[in-house]
Ligand SMILES: NC(=O)c1ccc[n+]([C@@H]2O[C@H](COP(=O)([O-])OP(=O)(O)OC[C@H]3O[C@@H](n4cnc5c(N)ncnc54)[C@H](OP(=O)(O)O)[C@@H]3O)[C@@H](O)[C@H]2O)c1
């Protein structure tokens, strides 16, 4: 590696944007370029525009940086996007057309046929879509996305199981943290003493995104994996960390020992390449009967792992277990940073602008 690449952050004042600011502070390959947000924040120093909610203090280096509008022309080698879906689709396309590699958190382009929905441990080969995307869109930049925060925690556990035993069906009931709804997010009067059994659009994402991620990329097209997922999503009164209760059936039913071994031994390209944000263990298995728990386990592997526990036989499907993922780290900013690290390791960011 030579010089650090400058990453602009779109939506830098938001829940995901704040994690980018935090995680980029000491990053060995990337440094913060321009920061951008809405008209409400433009021209203000970061500490004035942002209602900082990350548990650690706002990094000094960002406090006096001044916010720009979210339009091309920003000082950056590439762009991280943490924009709301109401505008991310168009803004990200504008940046890609202007020549920027765009590493997005937003849902808008995830299902575009020529856009990788990337999890570096699972489908690095989907980056083969990028040249095709550039050709079809006549664009020197490109867009790469990471999955929804609930999907990514789930699919990190499903991937080694699908590869080893072939998934037939998956049922997942989620208990999702408040920070997943952004800031200010859910009204306090709706969540105090309560659980909300509806998150708009979430179940559709969790039922489809893993099938694209686990699909085979061949001749510029992803053939989706063929198994069924049923998701029921709930918002609960937890700050960070999505808990998911999962049941699975398999084409070849493993023993419990084989299932645990497949999860706990899962290692892949980011670990081989030693990418700076790669968790040493993408899936951490706990044996205590009352774990994982959001408050106790969300920072395992610096928030970049899926934490699995309570693995046991299921009387309806084959096995059931609980899993936990940190929704703003592995579920958002950390995932995008790992994606960008893979892009850099593949030479797809250097000299692009
Ligand atoms: N929260 C999570 O756990 C999570 C996980 C995965 C993916 N995501 C996705 O990431 C994206 C951001 O989510 P979030 O939770 O960070 O949302 P958020 O807390 O509401 O932050 C939104 C950000 O977008 C900016 N913004 C709003 N309207 C804008 C406009 N018209 N022009 C330019 N910038 C504008 C805001 O700037 P101002 O401060 O100036 O208003 C703020 O920086 C969404 O697409 C979400 O679905 C979120």
Residues 190, 240, 290: which one is without any contact (Cβ under 8 Å) to a residue 40 or more places away in the chain and outside any helix (DSSP H, G or I)?
290
Go through the range 20-58 and give me each residue that's away from the ligand (no atom under 15 Å from the Cβ), in a strand (DSSP E or B) and over 22 Å from residue 349 (Cβ atoms).
none
Select, from 106, 86, the only residue that is surrounded by fewer than 16 Cβ atoms within 10 Å (Cβ to Cβ) and at negative phi.
86
Candidates 93, 86, 139, filtered to the one that is out of contact with any helix residue (DSSP H, G or I) (no Cβ under 7 Å at 6 or more places or on another chain), more than 13 Å from the ligand (Cβ to nearest atom) and either under 19 Å from residue 329 (Cα atoms) or free of Cβ contacts under 8 Å to residues at least 60 places away in the same chain (or both)
93
Pairs needed: first member in the range 165-180, assigned by TED's automatic domain parsing to the domain that holds residue 319 and touching a residue at least 60 places away in the same chain (Cβ under 8 Å); second member anywhere, more than 9 Å from the ligand (Cβ to nearest atom) and part of a helix (DSSP H, G or I); C-beta distance under 7 Å; at least 6 residues apart or different chains.
167/158; 167/161; 170/158; 172/154; 172/206; 177/294; 178/191
Residue identified as touching a helix residue (DSSP H, G or I) at 6+ places or on another chain (Cβ under 8 Å) and over 30 Å from residue 90 (Cβ atoms) among 189, 167, 196
167
Could you check, for the range 59-73, whether at least one of its residues is in the same structural domain as residue 106 (by TED's automatic domain parsing), within 13 Å of the ligand (Cβ to nearest atom) and within 22 Å of the chain's Cα centre (by Cα)?
yes
Answer yes or no as to whether residue 179 is in contact with a helix residue (DSSP H, G or I) (Cβ under 8 Å, 6 or more places away or on another chain), over 20 Å from residue 308 (Cα atoms) and part of a helix (DSSP H, G or I).
yes
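The values are calculated or read from the model by the stated rules, or taken from the named source; none is laboratory data. What you are looking at is a predicted structure, and each value in this text was computed from that prediction instead of being measured. Every residue, glycine as well, gets a Cβ built from its backbone with ideal geometry; the counts of neighbours run over all protein chains shown.
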